[in-house]
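Undergrad: Dropping a structure here in structure tokens format, bear with me for questions.
Read-outs throughout are calculated quantities, based only on the coordinates presented, and are distinct from any laboratory measurement. From a predicted model like this one, the values you see are computed outputs, not experimental measurements. Here the Cβ is made from the backbone with ideal geometry for all residues, glycine too, and neighbour counts use every protein chain on show.
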Amino acid sequence: MPESVAKAHCIVAASEAWRVARDPAAWAYLMPGYAGLEMLDANTYRMTIKRNLGFITKTVEAEIRVIEENPEELRARFELEGLNEPFDGEGSVVFAPTVEGVRLDLTLRIRARGPMAPMINPILKQQLPAVMDSFVERLASWIEAQVAGDSTPA
């Protein structure tokens with residue numbers, strides 16, 4: 001299963017980073033390829049992403065379910081499932097306090113299923129780290145701006 005662990009640092013208190021990042025609707029647009037987000041309930045979202053997979057551009061919809069949220073430990077876990085393409089996955093986000101602020105650790109494991117999986121999974125394995133690194137860097141900058149009171153999109 002392709003996996004990526006992306007990390008970024010923010011010069012803000014961990015609790016402040018957690019507070020401003022709790023609502024995915026506020027920052028979902030930072031995800032590379034973002035095409036839309038719909039909140040289904042307090043812990044379930046439908047996200048649409050458009051990505052170039054090298055030989056084809058695909059628009060995929062995923063249902064993302066927050067399955068654990070721990071504000072005391074500043075971490076959450078989630079699962080995702082493809083709605084229009086056969087894939088599933090899981091991940092976590094941790095806001096780890098540091099001397100200078102907070103380190104964001106985002107882990108994502110995603111697996112294509114079905115007849116195209118043998119071709120798609122190697123592409124995911126290759127592309128996922130760069131996508132996640134870009135997203136986490138954007139998210140870190142957005143968090144710093146939000147805590148500083150700047151609501152300008154990243």
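Undergrad: Considering only C-alpha atoms, what is the centroid distance from region 5-43 to region 100-130, in Å?
TA: 18 Å
Undergrad: Considering the values (1) 1.20; (2) 0.96; (3) 1.02, which represents Rg/Rh (Cα atoms, Kirkwood Rh) as calculated for the structure under consideration?
TA: (2)
Undergrad: Another question, if that's okay. As I understand it, the value is the acute angle between the Cα axis of helix 117-148 and the longest principal axis of the Cα atoms of the chain; what does it come to in degrees, rounded to 10?
TA: Roughly 20 degrees between the two axes.
Undergrad: Fewest Cβ neighbours within 10 Å first, please rank Ser15, Ser92 accordingly.
TA: Ser15, Ser92
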